[in-house]
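The structure under discussion appears below in the form of structure tokens.
All of the numbers you see were taken from the coordinates with simple rules; none came from a lab. Just so it is clear, the model here is predicted, and its values are computed rather than measured. Here the Cβ positions follow ideal geometry from the backbone for every residue, glycine too, while neighbour counts run over all protein chains shown.
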Amino acid sequence: MGKISLAIHGGAGTILRSQMTPALEDEYQHGLEAALKIGWDILGAGGSSLDAVEAAVISLEDFPLFNAGRGAVFTHEGKNEMDAAIMDGASLKAGAVAFVRNIRNPIKLSRQVMERTEHVLLAGEGAEQFARQIDVEQAPDEYFFTEHRWLQLQDAIAGGRTQLDHAAARPVGTVGAVACDRDGNLAAATSTGGMTNKKFGRVGDTALIGAGTYADDICAVSCTGHGEYFMLGVTAYDVAARMHYKGISLDVAAKESIDSLASIGGEGGLIAVDSGGNLTMPFNSEGMYRGSATPDGIQTAIYKD
């Protein structure tokens, strides 16, 4: 039986103190702390890791500064298209959605895909039809509109570029959670709004089991960063594979996986937990919105140092 523990992230990328006001930093910290408290209360009451990661990610999706749910970035056409995935390490079952619109909490729909269908991944109109059939909460376009995301889109269009989340030079964004419950069971959940000014129906690593999200009996992993490279590195599963086949610790395996990501040009980070409740949160970018909750308390951080 492991100790209960929870970790979350709110995106990784070029996140510098010089570009952050004290008020904005306080807002991000509040968003992280609120999600951690929600997930921790579930674990502390004897709840499952699956329930904890879903609830934590719902909180992050509802917080408009993170690139998921309400804070999702805009595509080139001015739409919000979202991806999400959840995985239960105890059963090796997973559910994911990609390319969905007007779903208030894509992570909720992902869990329903896992529990109420024989599939792992539903996308686009089919996923939205399934959501309507089971009465998953919808939200109008106006719910997802945030001024800073709209300005990011206009800036990206004017500059003729696609960018991943924050307004800085090389931004990256996603939200996620991993947890270990009282029975030592593990779970991971990840959700994203994708890339600002993205075109052509692009789907990143978040919804792809093994690339951006993975959980089994040895570890649970949620990734954030430049999704194409996490897909090429199958990074989330890579952490588990290194632990299984090399017999190394979570911390060493996760660091090796991020180093491997960097070797192919990828930038970002991950959060991971093992069945003993040990947590690790390595990244190779300037910063990563992140936090943890353990019996020792709740901690949050943003910058590299």
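Observations on the structure shown:
- Point-charge dipole on Cβ atoms (K/R +1, D/E -1) for the range 5-303, about Cα centre, debye to 20: 480
- For the chain, alpha-carbon Rg and Dmax in angstrom: 17.3, 54
- Alpha carbon centroid spacing (whole Å) that separates the range 197-243 from the range 251-288: 12
- HN-Hα J in Hz across the range 274-291 - Karplus 6.51, -1.76, 1.60, θ = phi - 60°, x for Gly and Pro: 10, 6, x, x, 6, 10, 8, 9, x, 7, 10, 9, 5, x, 8, 5, 7, x
- Total lysine pairs whose alpha carbons fall under 18 Å of each other in the range 5-303 (8 or more apart, or interchain): 4
- Compared with the direct C-alpha span, the chain from H76 to D41 gains 8.7 nm at full extension, assuming 0.36 nm per residue.
- Chain lengthening between R116 and Q19 when straightened (0.36 nm per residue, less Cα-Cα): 30.5 nm
- Residue-averaged [θ]222 nm for the chain, counting only DSSP H segments that reach four residues, each worth -39500 (n - 2.57): -11000 deg cm²/dmol
- At least 24 Å along the helix axis (C-alpha) and Kyte average at least -1.0, DSSP helices within the chain: 22-44
- Backbone phi angles across the range 136-142, fed through the Karplus curve with coefficients 6.51, -1.76 and 1.60 (θ = phi - 60°), yield HN-Hα couplings of 5, 4, 9, 8, x, 3, 4 Hz in residue order; Gly and Pro are listed as x.
- Burial ranking of peptide ranges 110-122, 27-39 (average Cβ count within 10 Å, highest at the top): 27-39, 110-122
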